[in-house]
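The values are calculated or read from the model by the stated rules, or taken from the named source; none is laboratory data. It should be emphasised that the depicted structure is a prediction, and the values quoted were computed from it without experimental measurement. Here the Cβ positions follow ideal geometry from the backbone for every residue, glycine too, while neighbour counts run over all protein chains shown. With ligands, DNA and RNA removed, areas are computed over all heavy atoms of the protein, side chains included. Shrake-Rupley method; radii C 1.70, N 1.55, O 1.52, S 1.80 Å.
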Amino acid sequence: GSERLIDDCKATLEAELDRFSENITRIDVHFSDQNAEKGGDDDKRCLIEVRLKGLKPVTTSNNASNIDDALSGAIDKMVTVLDTALAKQRNR
């Protein structure tokens, strides 16, 4: 991806996942075009993997018609997954 895409992605992730920063050790983001040259609706995919201290990595993915929407949807799902995983860890 371009430097602009990387910078925008980092800024968005930092803003949206900031409240989990003490528990996160690493974040990987992967974008893909599911249909390649064919085009079509919801063919852009964003996969996010977050590694947490003391827990197994968690992943989410989202398909959308463009990269920004795919990222936004995957982040929304990740917030839910992180809330659940960290709540379970606290209850142990």
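Conditions first: (1) open to solvent by less than 70 Å² (accessible area, probe 1.4 Å); (2) in contact with a strand residue (DSSP E or B) (Cβ under 6 Å, 6 or more places away or on another chain); (3) free of Cβ contacts under 8 Å to residues at least 40 places away in the same chain. Residue 30 passes all but one, so which condition is the exception?
Condition not satisfied by residue 30: (1).
When the stretch 45-92 is examined, which residues are found to be open to solvent by less than 50 Å² (accessible area, probe 1.4 Å), small (Gly, Ala, Ser) and closer than 21 Å to residue 21 by Cβ?
Passing the criteria: 74, 85, 87.
Please verify whether residue 42 is open to solvent by 50 Å² or more (accessible area, probe 1.4 Å) and touching a Lys or Arg at 6+ places or on another chain (Cβ under 8 Å), treating the condition exactly as stated.
No, not satisfied.
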